[in-house]
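**Student:** What follows is a structure written as structure tokens; I'll ask about it next.
The values are calculated or read from the model by the stated rules, or taken from the named source; none is laboratory data. Keep in mind that this is a model prediction, so the values were computed, not measured. Quick reminder, even Gly has a Cβ in these numbers, built from the backbone with ideal geometry, and neighbours come from all protein chains shown. Ligands, DNA and RNA are stripped out before the accessible areas are found, and what is left, the full protein with its side chains, is counted by its heavy atoms. Shrake-Rupley method; radii C 1.70, N 1.55, O 1.52, S 1.80 Å.
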Amino acid sequence: MSTPNGFPQHSGACVTPSTEGGAVQDLHAKKAGKAAKKEAGDNGLLTFEDPPTVGTSLNETLKLLPAELKANMKIKSFTPRPPRKPRLERAASLDEKSWRRWRRFRTSQESLTDPNETSSSNGSLQEASLSPPVRGRASPCRPCCPQNSLHSSPDETNPTGKSRGGTSDLGKRASEISSAFGGLLRGKAFAGGKPRLSQITPVRPLPPIELNVASHTLRTANRIDSDCMDYRHYSQHKFGRVSSSLSDTRLHGNGMVYDNCSTDSMKSTFSLLTPIRSKDVRSRSYLEGSLLASGALLGAEELSRYFPDRNIGIFVATWNMQGQKELPVNLDDFLLPTEADYAQDMYVIGVQEGCPDRREWEIRLQETLGPHYVMLYSAAHGVLYMSVFIRRDLIWFCSEVEYATVTTRIVSQIKTKGALGISFTFFGTSFLFITSHFTSGDSKVNERKLDYNKTIQALTLPKNVPDTNPYRSSSSDVTTRFDEVFWFGDFNFRLNKDRETVDSILNQNPETDVSKLLAYDQLTSEMSRGSIFKGFQEADIHFRPSYKFDIGKDSYDTTSKQRTPSYTDRVVYRSRYKDDIHAVKYSSCPVIKTSDHRPVFALFRVKVRPGRDNIPLAAGQFDRDLYLIGIKRRITRELQKRQEQKDQRSSSICSIS
């Protein structure tokens, strides 16, 4: 209940200074005296839990109390509190009214006082929890009592002006006051602490709780969680068999999206592809030539989506096949070395003196790399072959592929010496790959340098694809017109040392310490002078010379010529920007022994920059026929291998006694 001025009313005895309150005070004093005597007789202790703010008047009164009553009294300190602010009450709903009525009924049942007493409540759960219920009757306080508490003073007079009582009845008055305030504490004293609220029963049953605390929507927010073991069961139970190409509109139209599963999570349930927003599809930023346009095919947004660190892995290999018809049975050790944990994004293989059947060689490459890769382009110049394979989901970010050739030996009808270059732009980074076969001979260093100079001047690339940085290009050097250049092949540079000395060094250091041999290497010496491969670098060499071996063996040339082992097969690189190319691995493949050369490969991490869409695009170009043949060959070989293993396990050995 609230008083007319808005202040909440507290239950308890209140003495007003009005002359009309004398009779009411006498009635309250009689009841309080009886209650105090009864409580003192039962407990033997009288406690003031919440005495009124009377200041020194009450202290003076208590000094005059009888000694017996003082012995049984326990007075606690009290700090006056300011009045509460008025609170605006809102209209209670029917549910709240019924709940309050039920709460009053429960409180009245739990009351420990006599049946004539009632508990007061203002219907506020907050006040009920903060203050204990009042068990005694109380006279209403008038607005003149700002503290809502009892004011008692020995100086108070009755309406006739006479003193209300003398010293002899002060003990009785104290007992009456004590009994009036003793009701404030009975609820707490008898209840054994704070008032306890009864349990609230919910109106409707609670929803069931899933076994996993993480909702299915969160677990499939952007991609399928491998730890979500119930993914298959959930998708079949909730969505049925739904095609992965369903659009959001069809999903909503079929009523297959539930309230607790958003459209985004629904789509990610069926695909790991990054969702495409409708506003990005509506945009017309394609082919406008912007680097940072939203939705640009070769822009920064698409590049960061595929390569967050903007680095790609490139495998570059060179091998002089010596024109052998026989190809290795297995190319896994060559293309997929065990030193690398992951396959690369791009594979570029150059061959000198290639096998007669070039198509068979490309099929074998496709078969080894598998269905994750497609051949972007291949070219040939006589017996010089080059093949470029790329991950199938990256073919859309390549420009048109261009190639050019240079012949360094005019007399020969079969082009065995020369260079073959392939160039294209990937996103915004231009690449140039050159494979060469320079003039052979131990002492023909100058001829090999001439082959190099002729190549950089006569290789006419690029043609239609624009230069990404024409201000740093030179018309006399093709390698300056591209961002990243890889040059590999049989350069035919030898070791300037006799066979016996080289053999002794190899025998002393059979593993990877070849630093003594490199001191006699012609290419290393010429590059340090700047006479060849200007601006190029080469990774550190930790493998044995790749030339010249006996075919099918690990021994170097044992014929009458006794050729000196040399590092003829090399991979060098250069970049327009510092630290764009990082060499990860540089080694040879000693298990392939079908030629007198061992294949040499290098693994690189190359930085890629965003590009513009206004360049000639390859638009997903790749060799489809080669892809189908290579995959079919791969499946056929796997089935044959399984059948051979099955026949071997089922075969039995018969013995004749």
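**Student:** So which of Ser423, Ser440, Ser430 ends up being closer than 30 Å to Gln522 by Cβ and open to solvent by less than 10 Å² (accessible area, probe 1.4 Å)?
**Tutor:** That would be Ser423, the only listed residue that is closer than 30 Å to Gln522 by Cβ and open to solvent by less than 10 Å² (accessible area, probe 1.4 Å).
**Student:** If I go through segment 583-637 residue by residue, how many of them are among the hydroxyl-bearing types (Ser, Thr, Tyr), touching a strand residue (DSSP E or B) at 6+ places or on another chain (Cβ under 7 Å) and outside any helix (DSSP H, G or I)?
**Tutor:** Summing the residues that are among the hydroxyl-bearing types (Ser, Thr, Tyr), touching a strand residue (DSSP E or B) at 6+ places or on another chain (Cβ under 7 Å) and outside any helix (DSSP H, G or I) in segment 583-637 gives 4.
**Student:** Then there is this: Can you tell me which of (1) at pLDDT 95 or above; (2) of a type outside the set (S, T, N, Q); (3) open to solvent by 40 Å² or more (accessible area, probe 1.4 Å) is the one Arg612 doesn't meet?
**Tutor:** (1)
**Student:** Ok, one more. Kindly evaluate Ile541 against the criterion of being over 25 Å from Lys325 (Cα atoms), in a loop (DSSP other than H, G, I, E, B) and open to solvent by less than 20 Å² (accessible area, probe 1.4 Å).
**Tutor:** Yes.
**Student:** Run Glu400 past the list (1) at pLDDT 95 or above; (2) buried (at least 20 other Cβ atoms within 10 Å of the Cβ) and report the number of the one that doesn't hold.
**Tutor:** Failing condition for Glu400: (2).
**Student:** Filter segment 467-501 down to residues that are out of contact with any strand residue (DSSP E or B) (no Cβ under 6 Å at 6 or more places or on another chain), assigned to a helix (DSSP H, G or I) and touching a residue at least 12 places away in the same chain (Cβ under 8 Å), then give me how many there are.
**Tutor:** Selection size over segment 467-501: 4.
**Student:** In segment 339-384, how many are open to solvent by 20 Å² or more (accessible area, probe 1.4 Å) and in a strand (DSSP E or B)?
**Tutor:** 3
**Student:** From the list Tyr573, Tyr520, which one is among the hydroxyl-bearing types (Ser, Thr, Tyr) and open to solvent by less than 40 Å² (accessible area, probe 1.4 Å)?
**Tutor:** Result of the check over Tyr573, Tyr520: Tyr573.
**Student:** While we're looking at this one, here's another question. Condition test on Ile592, is it more than 33 Å from the chain's Cα centre (by Cα), of a type in the set (A, V, I, L, M) and modelled with pLDDT of 95 or more?
**Tutor:** Yes; evaluated as a whole, the condition is true for this residue.
**Student:** Answer with yes or no whether Pro599 is open to solvent by less than 70 Å² (accessible area, probe 1.4 Å), touching a residue at least 60 places away in the same chain (Cβ under 8 Å) and within 30 Å of Val514 (Cα to Cα).
**Tutor:** So Pro599 fits the description; yes.
**Student:** Could I ask something else about it? I'm trying to understand the selection: among the residues of segment 518-555, which are within 43 Å of the chain's Cα centre (by Cα) and over 24 Å from Glu339 (Cβ atoms)?
**Tutor:** Of everything in segment 518-555, just one residue is within 43 Å of the chain's Cα centre (by Cα) and over 24 Å from Glu339 (Cβ atoms), namely Gly535.
**Student:** Which residues, taken from segment 622-651, are within 25 Å of Leu297 (Cα to Cα) and either among the basic types (Lys, Arg) or surrounded by fewer than 16 Cβ atoms within 10 Å (Cβ to Cβ) (or both)?
**Tutor:** Passing the criteria: only Arg624.
**Student:** Looking at (1) buried (at least 21 other Cβ atoms within 10 Å of the Cβ); (2) touching an Asp or Glu at 6+ places or on another chain (Cβ under 7 Å); (3) not in a strand (DSSP E or B), can you tell me which one Gly295 breaks?
**Tutor:** The one condition Gly295 does not meet is (1).
**Student:** Is at least one residue of segment 386-394 modelled with pLDDT under 95 and among the small types (Gly, Ala, Ser)?
**Tutor:** Checked segment 386-394: no residue is modelled with pLDDT under 95 and among the small types (Gly, Ala, Ser).
**Student:** Right, Phe604: closer than 23 Å to Glu362 by Cβ and touching a His at 6+ places or on another chain (Cβ under 8 Å) or not?
**Tutor:** Yes: the conditions hold for Phe604.
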